[in-house]
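Read through the structure below, which is laid out as structure tokens, and then see the notes.
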Amino acid sequence: MSKKILIIGGGPGGYIAALRAAQLGGSVTLVEDRALGGTCLNRGCIPTKTLLHTVELYNEVTREGPKVGLKVQGASVDWPSLIARKEALTAQLAGGVGALLRARKVEVLKGRAVLTKPTEAKISLTGGGDKSVTFDAAILATGSEPAKPPVAGLDLPGVITSDEALSLTSPPKSLLIIGGGVIGIELASVYSPLGTKVTVVEFLPQILPNIDEELAAMMRARLEASGITILTGRSVKSVEKTPQGLKVKIDGADAPDLTAEKVLVATGRKPNTAGLGLEALGVKLEKGRIITDPTMATNVKNLYAVGDCSSPIMLAHVASREGEVAAGNILGHPTKMSYAKVPGAVYTNPEIAWVGLTEAQARKQGLNVAIGRFPLAFNGKCLVMGGEGIVKSVIDKKYNEILGVHILGPRASDLVGVPGLAISMEARAEDVADSIFAHPTVGEAIGESLLDALGRPLAKV
């Protein structure tokens, strides 16, 4: 008799867990009160990248076109059409998720679930009425929501989160972004090329915290050169409504008050775990986050959690892997989750992508490291594309094991898979550097960066 699996949440963690559980022979019910695909598909990854793609093309035509012999007159972004395309793409992908679940015979219930027992939940159906569902194991995949810091005025009209920023009726004349992390910097990169005066205020001394300091500094210089104002080591004290717009007070005696049409709060996200009945069942939480072990199990038997509601890394691809791990452990395919080799990306122009340790992290661990750098100014394909950037490698001197690779350049998010695979296989720098990369490609720079770390660079002086 197959196990009955209940999954609460239909985002990248939940629907992948459902597909994997069904693949392994489970009888699966998935509960979701909004569109399938979760934040990533509907209010995050896909919508943001849709806007960024169009803005990148616009930049290529209007700013970079003359450099590569391309003249286009009267180019402009049709914002309503772009928003309509974003909505169509998210609907198409959400429909695809639904089709996959139907093909695997996963029962999908639209509604909200509350756990009443370790093996039972009550579903408040969106169409009305309740339904009781019993299960052998449940996977909680309820995701996250934008977090707002305790700053006066953040409830005013015109103060928005990333959810609203992806559906504005028109680009604002001015936008102040609170938070210089991935969300804030990507949305700054959407609106600034469209004529919005963008200011980013970041509490920490570096934008894009946790990214290699060298690459973050290079990205900051590029953003500032494009017209974006960046204030680091500053915090927002309050927001007030004035006839001129939203007045934002910044800490520091020398900090001027700033005024913007819109204020975007991009200070991170918080786990969405309220109202699930977790406290009554004794599920261990820490600041709202569900605590799990490497098998994705909670402290309550038969209850598992994946994705933003529990994960230390709030990324869609991490949630999906956690969903696979949880389903496998429930259905007799034991495995453990590892966060040591998770790739990340920022979809700016150029992109940033990384996997493994930064230089600072490696040195903090006391490792004896060698650093390789290959400027993309020496890469033929990058020059053809009009791009710029760098590939930076971190290797352990003892065995030449690859510890981390960090890319700033065109299509960095697509390239990072190669070093990601190498790190997962505990490959040495020479294993990758001595491989043959197609020419001309930007990917050649990965091998060149590793050669530089080995002290035998070929294509740089």
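From the phi of every residue in the stretch 97-107, what ³J(HN,Hα) in whole Hz does the Karplus formula 6.51 cos²θ - 1.76 cosθ + 1.60 yield, where θ is phi - 60° and glycine or proline is x?
Working through the residues one at a time gives 4, x, 5, 4, 5, 5, 5, 8, 6, 7, 6 Hz.
Could you sort 303-312, 33-42 so that the peptide with the highest average Cβ count within 10 Å comes first and the rest follow in order?
Those peptides, ordered most packed to least, come out 303-312, 33-42.
Any chance you could get the radius of gyration and Dmax over the Cα atoms of the stretch 344-453, in Å?
Considering the stretch 344-453 through its Cα atoms, Rg and Dmax are 12.9, 40 Å.
Treating only the Cβ atoms of Lys and Arg (+1) and Asp and Glu (-1) as charged, compute the dipole magnitude of the stretch 32-125 about its Cα centre; round to the nearest 20 debye.
Around 260 debye, computed over the stretch 32-125.
Two decimals, Cα atoms only, Kirkwood Rh: what is Rg/Rh over the stretch 159-267?
0.94
At a Förster radius of 41 Å, what calculated FRET efficiency corresponds to the Cβ-Cβ distance of residue 124 and residue 257, to the nearest 0.05?
Calculated transfer efficiency: 0.35.
Compute log10 of I(q)/I(0) for the stretch 225-341 with the Debye formula, placing one identical point scatterer on every Cα and leaving out solvent, at q = 0.14, 0.21 Å⁻¹, to two decimals.
Relative scattering, expressed as log10 I(q)/I(0), comes to -0.74, -1.09.
How many nm is it between the label spots at residue 313 and residue 285, if each spot is 7 Å from the Cα in line with the beta carbon?
Once both label points are built, they end up 2.6 nm from each other.
Enter the per residue convex hull volume of the stretch 390-440, computed from alpha-carbon coordinates, in Å³ rounded to the nearest integer.
Convex hull volume per residue, Cα atoms: 80 Å³.
Pull up all non-local amide H partners of residue 369: gap of 5 or more, or a different chain, and H-to-H distance under 5 Å with H placed in the peptide plane.
397
Return the loop-located GluC sites (Glu not before Pro) in the stretch 355-461 (DSSP other than H, G, I, E, B) with at most 15 other Cβ atoms within 10 Å of their own Cβ; answer none if there are none.
Loop-located and lightly packed - 426.
Within a 10 angstrom radius of the beta carbon, how do 191, 399, 58 rank from fewest other beta carbons to most?
Ranking 191, 399, 58 by Cβ neighbours within 10 Å, fewest first, gives 399, 58, 191.
Taking 10 °C and 1.306 mPa s as the conditions, I'd like the Stokes-Einstein D for the stretch 87-222 in µm²/s, using the Kirkwood hydrodynamic radius from alpha carbon pairs.
The Stokes-Einstein estimate is 83 µm²/s.
Quick one: what are the phi-derived ³J(HN,Hα) couplings along the stretch 48-57, Karplus 6.51/-1.76/1.60 with θ = phi - 60°, whole Hz, x for glycine and proline?
These are the phi-based 3J(HN,Hα) values: 4, 5, 5, 5, 4, 4, 5, 5, 5, 4 Hz.
Provide, as a two-decimal number, the C-alpha radius of gyration of the stretch 285-397 over 2.2 N^0.38 Å, N being how many residues it has.
1.42
Using helices alone, I'd like the mean residue ellipticity at 222 nm for the chain: each DSSP H run of four-plus residues gives -39500 (n - 2.57), total over residue count, nearest 500.
-9000 deg cm²/dmol
What is the magnitude of the charge dipole of the chain about its Cα centre, with +1 placed on the Cβ of each Lys and Arg, -1 on the Cβ of each Asp and Glu, and no other charges, expressed in debye to the nearest 20?
Dipole of the chain, to the nearest 20 debye: 760 debye.
Residue by residue through the stretch 401-414, what is 3J(HN,Hα) from phi via Karplus (6.51 cos²θ - 1.76 cosθ + 1.60, θ = phi - 60°)? Round to whole Hz and write x for glycine and proline.
5, 6, 9, x, 9, 10, 10, 10, x, x, 6, 4, 5, 7
Just want the ordering: 384, 416, from fewest to most Cβ atoms lying within 10 Å of their own Cβ.
Fewest-to-most ranking of 384, 416: 384, 416.
Hey, got the dipole for the stretch 159-267? About the Cα centre, +1 on K and R Cβ, -1 on D and E Cβ, debye to the nearest 20?
400
What lysines sit close enough to residue 86 to cross-link, taking a C-alpha to C-alpha distance under 20 Å and skipping anything fewer than 8 places away on the same chain?
49
With 34 Å as the cut-off, how large is the P(r) tail for the chain, expressed as percent of Cα-Cα pairs?
41
Just add up the charged neighbours of residue 260: K/R +1, D/E -1, any other residue whose Cβ is under 14 Å from the Cβ of residue 260.
My count for the surroundings of residue 260 gives +3.
Which Cα, out of 204, 191, 181, lies furthest along the positive dipole direction of the stretch 159-267 (beta carbon charges, K/R +1, D/E -1)?
191
Among the listed pairs 148/247; 105/336; 249/270; 364/398; 67/392; 197/247, give every one whose C-alpha distance is greater than 23 Å.
105/336; 249/270; 67/392
Quick one: 211, 139, 16, fewest Cβ neighbours within 10 Å first, how do they rank?
Lowest count first: 211, 16, 139.
Collect residues whose amide H, placed 1.01 Å from N in the peptide plane, falls under 5 Å from the amide H of residue 441; neighbours closer than 5 in sequence don't count.
The list, which skips near neighbours in sequence, is 381.
Of 420, 66, 275, which is farthest along the charge dipole of the chain in the positive direction, counting Lys and Arg as +1 and Asp and Glu as -1 at C-beta?
Result: 275.
Once you measure Cβ to Cβ distances between cysteines in the chain, which Cys have no partner under 4.7 Å?
309, 382
Values in this text are rule-based calculations from the coordinates and carry no lab data. None of these values were measured; they are calculated from a predicted model. Cβ coordinates were reconstructed from backbone atoms using ideal geometry, including for glycine residues, and neighbour counts include every protein chain displayed.
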